[in-house]
1. Asp68: net charge of surrounding residues, Cβ under 11 Å, Lys/Arg +1, Asp/Glu -1, itself excluded?
2. Give me the net charge for the shell around Pro111: Cβ to Cβ below 10 angstrom, other residues only, Lys and Arg +1, Asp and Glu -1.
3. Ranked by accessible surface with a 1.4 Å probe, highest first, in what order do Thr170, Thr136 come?
4. Counting only other residues whose beta carbon sits under 12 Å from that of Leu98, what net charge do I get with K and R as +1, D and E as -1?
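The values are calculated or read from the model by the stated rules, or taken from the named source; none is laboratory data. These numbers were taken from a predicted model, which means no experiment stands behind them. Counting neighbours? That spans all protein chains shown, and the Cβs are built from the backbone with ideal geometry, glycine included. The area values use the complete protein model at the heavy-atom level, side chains included, leaving out ligands, DNA and RNA. Shrake-Rupley method; radii C 1.70, N 1.55, O 1.52, S 1.80 Å.
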Amino acid sequence: MHEDRATASGGPRGRGWSREAWIAFGTIVAALITGVVTLLTQTGRPGPNPAPTTPSAAGGAGGANGVDRLVGSWQGSARDGEGARFLVDLDVRPGCDLGRWCGYIAVSHVPCHGRIYLQKVVGDQYEFRVADFDATSDRKVCRPGAGELFRPQPDGGLAYRTSYDQAIHTTLRRK
């Protein structure tokens with residue numbers, strides 16, 4: 001007859017993994033889950049990106065940083081530094097906050113169509129970064145990054161300029 005003998009850990013010998021092996025396995029699984037969650041939150045897919053380290057300044061009416069004033073669909077015709085005209089379409093979703101996915105921007109002449117993320121608020125100026133360009137974008141020209149600047153105007157318009165090309169500017173109007 002076969003006799004089971006107990007190991008020092010109290011479990012039967014030769015029947016599955018030891019207690020230490022299960023602890024090691026659990027630690028590895030926990031580390032893998034943590035790594036996957038970190039990657040998903042850093043890339044913005046499927047959830048929003050974490051807030052950047054840039055602090056927000058208080059910005060008037062609507063939400064903690066006033067960005068609610070930008071919610072909606074906007075459009076305007078702008079010129080680049082060489083005088084070429086192009087359309088700018090902006091769609092800002094409710095709940096926009098620092099580091100979060102806030103909507104979409106489309107610039108016709110490149111073309112670049114991507115998601116916008118609130119990068120920074122200084123006074124009543126809102127800076128967005130663009131990323132996650134769609135398939136209709138020119139992937140050779142469109143580069144992710146910050147520098148899309150918007151400022152609400154007293155007449156209800158939305159002033160637009162970029163930090164990377166000072167010649168680009170216009171006023172967007174609600175669609």
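1. +1
2. On the way: positive: none; negative: Asp134, Asp138.
With Lys, Arg at +1 and Asp, Glu at -1, the net is -2.
3. Numbers: Thr170 25, Thr136 85 Å².
Greatest to least solvent exposure: Thr136, Thr170.
4. +1
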